[in-house]
Amino acid sequence: MKDEAFPLLSAPEVRVLGCLLEKSETTPDAYPLTLNSLLLACNQKSNRDPVVEYDEDLVIEALDDLRKKGFVFRVDVAGSRVAKFRHNIDELLGLSRGSKALLSVLLLRGAQTLGELRTRSERMHSFATTEAVEEELIEVASEIERPLWMKLPHAMNAYKN
């Protein structure tokens, strides 16, 4: 994938995309999401860092920007009076279920250890070990021109003399 096809995202875009990814796996019967469902997902207090209080206008703006970048589609369902929205990650990147789970958790919670990623992605995909998580991260990073994630150096002990 070329860099221009994978632009950097703003914080609200990251949250919206992460919510769409998460809900597509955890609540498939309610997916694609209405604007109201997406707003609730963005402002959810659990499994989010940071916790935010987005308003409808900010979510609409993030959706519009994500649509322009090709990450989100508006879906008009026959018989439904409201528009729904879905992510386009499958078509853009062709990620495995495990990789989508990791991407979702990273988008919604930021930097995490391998153990945290393993535990927090469990609802969407079960990894047998933290080594399996690391292998998945390395494999995807090597296949995509602009990596979706990167390994951060270990934090130094702030109290170490």
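Applying the criterion of being polar (S, T, N, Q) and more than 22 Å from Leu39 (Cβ to Cβ) to the residues of the range 86-109, the residue that is surrounded by the fewest Cβ atoms within 10 Å (Cβ to Cβ) is Ser96.
Please state which one of Ala41, Ala30 is of a type outside the set (Val, Ile, Thr) and in contact with a Leu (Cβ under 8 Å, 6 or more places away or on another chain). The unique qualifying residue is Ala41. If you go through the range 45-58 and keep only what is out of contact with any Cys (no Cβ under 6 Å at 6 or more places or on another chain), at pLDDT 95 or above and surrounded by 14 or more Cβ atoms within 10 Å (Cβ to Cβ), you end up with Arg48, Val52, Leu58.
The values are calculated or read from the model by the stated rules, or taken from the named source; none is laboratory data. This is a predicted model, so every value here is computed, not measured. With ideal geometry, Cβ positions are generated from the backbone for all residues, glycine too; neighbour counts draw on all protein chains shown.
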